[in-house]
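Data block below; observations after.
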Amino acid sequence: MAIGWVDNLADAEDYFADERLETYCWDDLDNDSPHFQKNKVLLMAYNRLYYSKEFILPTYAEASSDDLTVLRKAQCEMAYYLACHLEDEDRRKGIQVQGVIEAGVVKEKYHPPLLAETPIPAFIYDLLYAYRVGVTTVFGAVDLERDEDESVNTKVHDF
């Protein structure tokens, strides 16, 4: 059964074995316990991307095979980010939600407009560029006002 856009856990394991150089955060997850951390992080990554206001993404059933290739990479990369950084992100977002914009002990300053933003790594934005809200990649020819009586579909190369 699919886990988001990943066919199954073995598919995700293949991604990390074949396509990612650093995998220590993924490798450290325990999937032998009843908690199934790798499944959880894959589902969390799927949810973060699918429900993001930044993208319009198809479900597994709606996606073409080309879509699934890109979406699988994005989901696995998001899962890796979450495996490495979710604990820190939760702490920082928790502080920001309380209205803190500067933490004196650690000398961190938070940018207030980013409070409502969900962190998504830049590489994932690159992978999902075609699915960004407001981005259109469609190209085609349309009939315009013309002096000729020919349509856009008429071949005019034989003079």
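The values are calculated or read from the model by the stated rules, or taken from the named source; none is laboratory data. All of these numbers come straight from a predicted model, not from anything done at the bench. Positions of Cβ are backbone-derived with ideal geometry, glycine not excepted, and every protein chain shown enters the neighbour counts.
Key figures
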item: Selected residue (criterion: farthest from Arg132 (Cα to Cα)) from residues of region 5-27 that are touching a helix residue (DSSP H, G or I) at 6+ places or on another chain (Cβ under 6 Å) and assigned to a loop (DSSP other than H, G, I, E, B); result: Thr23
item: Some residue of region 18-25 being more than 14 Å from the chain's Cα centre (by Cα), of a type in the set (Ser, Thr, Tyr) and either on the phi > 0 side of the Ramachandran plot or surrounded by 13 or more Cβ atoms within 10 Å (Cβ to Cβ) (or both); result: yes
item: Selection within region 51-66 - in contact with a Phe, Trp or Tyr (Cβ under 9 Å, 6 or more places away or on another chain), within 19 Å of Tyr129 (Cβ to Cβ) and not hydrophobic (A, V, I, L, M, F, W, C); result: Glu54, Pro58
item: Qualifying residue in region 129-141 (condition: part of a helix (DSSP H, G or I) and modelled with pLDDT under 80); result: no
item: Region 54-64: number of residues that are small (Gly, Ala, Ser) and closer than 11 Å to Trp5 by Cβ; result: 2
item: Candidates Tyr50, Tyr46, filtered to the one that is in contact with a Ser or Thr (Cβ under 8 Å, 6 or more places away or on another chain) and in contact (Cβ under 8 Å) with a residue 24 or more places away in the chain; result: Tyr50
item: Among (1) surrounded by 14 or more Cβ atoms within 10 Å (Cβ to Cβ); (2) in contact with a helix residue (DSSP H, G or I) (Cβ under 7 Å, 6 or more places away or on another chain); (3) not aromatic (Phe, Trp, Tyr), the one test that Asp30 misses; result: (1)
item: Condition met for Ala45 (under 30 Å from Ile101 (Cβ atoms), at pLDDT 95 or above and assigned to a helix (DSSP H, G or I)); result: yes
item: Filter result (more than 13 Å from the chain's Cα centre (by Cα) and among the basic types (Lys, Arg)) within region 27-73; result: Lys38, Lys40
item: Where a residue in region 7-19 is within 18 Å of Tyr81 (Cβ to Cβ) and its partner, wherever it lies, is surrounded by fewer than 15 Cβ atoms within 10 Å (Cβ to Cβ) and of a type in the set (D, E, K, R), with Cβ under 8 Å and at least six apart; result: Phe16/Asp27
item: Test for Tyr125: is it aromatic (Phe, Trp, Tyr) and either in contact with a Phe, Trp or Tyr (Cβ under 6 Å, 6 or more places away or on another chain) or surrounded by fewer than 10 Cβ atoms within 10 Å (Cβ to Cβ) (or both); result: no
